[in-house]
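Peer 1: Have a look at this one.
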Amino acid sequence: MSGSAQLLELPEMNAGGWYEYAEERGWGDGLPTLAPTVESVDAYLAEAGPCGSAVGPVPPSGVIPDVRSLAANAVMAGCPPAAFSIVVAALRAVLAEEFNPVGVMATTHPCTPLVLVSGAARAAAEVNARHNCLGQGWRANATIGRALHLILVNLGGSRPGNLDRATHGSPAKYAYCFAEDEETSPWPSLAVRRGFAPGGSVVTVFAAEGPHNVNDHGSTSGEELLVTIAAVMATPGSNNFYFGGEHLVVLGPEHAATLARDGWEVARMQQKLHDLARVPQAVVSAGKQAELAALAVEAASGYYRMAGGPESIQIVVAGGAGKHSAWVPTFGASRCVSVAVEGSLAHA
Amino acid sequence: MELELRGVAAVTIVTDTFRPLALAQARSRGHAGLALIVVSHPVGGLRPDELAGRAAEAVAQLAPAQRPAE
């Protein structure tokens, strides 16, 4: 990688002192970080091994990061060295033009990069795909997402109220990472459906809002479940309503099993959700209807369809037992990006 | 900004809230001298009379020769 990390001479301080020192300079996310000393970064990189090809520049600052700068942020986040090549891959995906990194990091919308891990790297880096996979309590999930966010803040300069203009933001901006449960899924993984070889390590990033729950304990057929999921997706307050962009539907394993039992395949689920996810014109204000008309978005037979075609609805399986799935809306002015994990986890 | 970088004279209009972001973007794209017209935030969700006020703010910042004819 190009660029060169800047070494700083700091006074002697303990862990608490470092936390105060870093926070005063805006080098963090509000939670405690570990001090990225020369020794800790060197040891981290030695343990992490090869981590993949060059990345950068990181917007909005345009800084081209040195691998030591990336590792320093991973150390600060508490990210295990075994997961570092996932962080680097996620950054490479975020910096792709179609992801629109400047817009994602600067927008008033509460989106943030969601890191979805597929393939062999999930086990090697111990990324959780099951119970509470979008919640707390699992180091790889918490710190891969956090490391990526710290890189974007500390190197890209995307700080709240300054270059990060989010109106409210989201708790997901601290850390947002999970894995597909490919072993439980009745269907090929998202990575395979996007053209990658089965088993290869792949990271897909979405400019995502936090997850919206889909509770359905009552439906007993796949078709009924799709009615409920589509109803959750059909909201005029979502960017996906008129901007397009992907929806990510995270099917819990029990909902997935019901859908698979009833013969649903991914393409047919995408089409059905697209057909069912309609917003009644009556719940859209006159002003918003005028805005939509200016964007050539028109209602038909009293309903608006969600923008974006069936292929914009991405479906994966993850989570633990329970009659819940999740709908993850996105920024809209961004497209999800998948990249192969390189380096030590490429074929873990 | 893209027009300016292609040699086409252009002025970027931003709200005061987004001025720091516009300046950072201009710097990162090697265009630190980007001309900005700064109007009060927000521009979205305004009544027509309020929007006319924003337009007046913008026009007042143009050089006289650039202003539309009265």
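Please treat every number below as a calculation from the coordinates, not as lab data. This structure is a prediction, so every number in the text was calculated from the model and none was measured. Glycine also receives a Cβ, built like all others from the backbone with ideal geometry; neighbour counts cover every protein chain displayed.
Peer 1: Work out the FRET efficiency for A:R194 and B:A35 from their Cβ-Cβ distance, taking R0 = 51 Å, and round it to the nearest 0.05.
Peer 2: Numbers: r = 42 Å, r/R0 = 0.83.
Efficiency, from the Cβ-Cβ distance: 0.75.
Peer 1: Among DSSP bridges having both ends in the protein assembly as shown, what percentage is antiparallel? Round to the nearest 5.
Peer 2: Once the DSSP bridges in the protein assembly as shown are tallied, antiparallel ones form about 65 percent.
Peer 1: Sum -39500 (n - 2.57) across every DSSP H segment of at least 4 residues in chain A, then divide by the residue count to get the 222 nm mean residue ellipticity, nearest 500.
Peer 2: -9500 deg cm²/dmol
Peer 1: Which GluC sites (Glu not before Pro) from segment A:7-49 combine a DSSP loop assignment with at most 10 other Cβ atoms within 10 Å? All intermediate terms of the calculation are to be shown ahead of the outcome.
Peer 2: Numbers: sites: A:E9, A:E12, A:E20, A:E23, A:E24, A:E39, A:E47; in loops: A:E9, A:E12.
Loop-located and lightly packed - A:E9, A:E12.
Peer 1: If I take R0 = 30 Å and measure r between the Cβ atoms of B:V59 and A:V297 in this structure, what FRET efficiency does the formula 1/(1 + (r/R0)^6) give, to the nearest 0.05?
Peer 2: 0.45
Peer 1: Once you have all Cα-Cα distances for segment B:2-66, histogram them in 10 Å bins from zero and send the whole-percent values.
Peer 2: Here the calculated profile for segment B:2-66 is 20, 46, 29, 5.
Peer 1: Test of the criteria: in segment A:1-106, which trypsin sites (Lys or Arg not before Pro) are in a DSSP loop and have at most 13 other Cβ atoms within 10 angstrom of their Cβ?
Peer 2: Values: sites: A:R25, A:R68, A:R92; in loops: A:R25.
Here the sparse-neighbourhood loop sites are A:R25.
Peer 1: Run the dipole for chain A about the Cα centre, Lys and Arg Cβ at +1, Asp and Glu Cβ at -1, nothing else charged, and hand back the magnitude in debye, nearest 20.
Peer 2: It works out to roughly 560 debye.
Peer 1: Separate question: Full-extension gain between A:A282 and A:T37, please, as 0.36 nm times their residue separation minus the C-alpha to C-alpha distance.
Peer 2: Values: separation 245, 0.36 × 245 = 88.20 nm, distance 5.88 nm.
Computed gain between A:A282 and A:T37 is 82.3 nm.
Peer 1: Let me ask something else. Quickly work out the B:D49-to-A:T167 label distance, labels modelled 7 Å from Cα along the C-beta direction, and quote it in nm with one decimal.
Peer 2: 2.5 nm
Peer 1: Which whole-number percent gives the relative contact order of chain A, counting Cα pairs below 8 Å spaced six or more residues apart?
Peer 2: Rounded, it is 24 percent for chain A.
Peer 1: Here is a follow-up. Counting other C-beta atoms within 10 Å, and keeping those with at most 15, which DSSP coil GluC sites (Glu not before Pro) do you find in segment A:143-192?
Peer 2: A:E183
Peer 1: Mean shadow of the protein assembly as shown, computed from the convex hull of its alpha carbons, in nm²?
Peer 2: Average of the hull's projected areas for the protein assembly as shown equals 23.4 nm².
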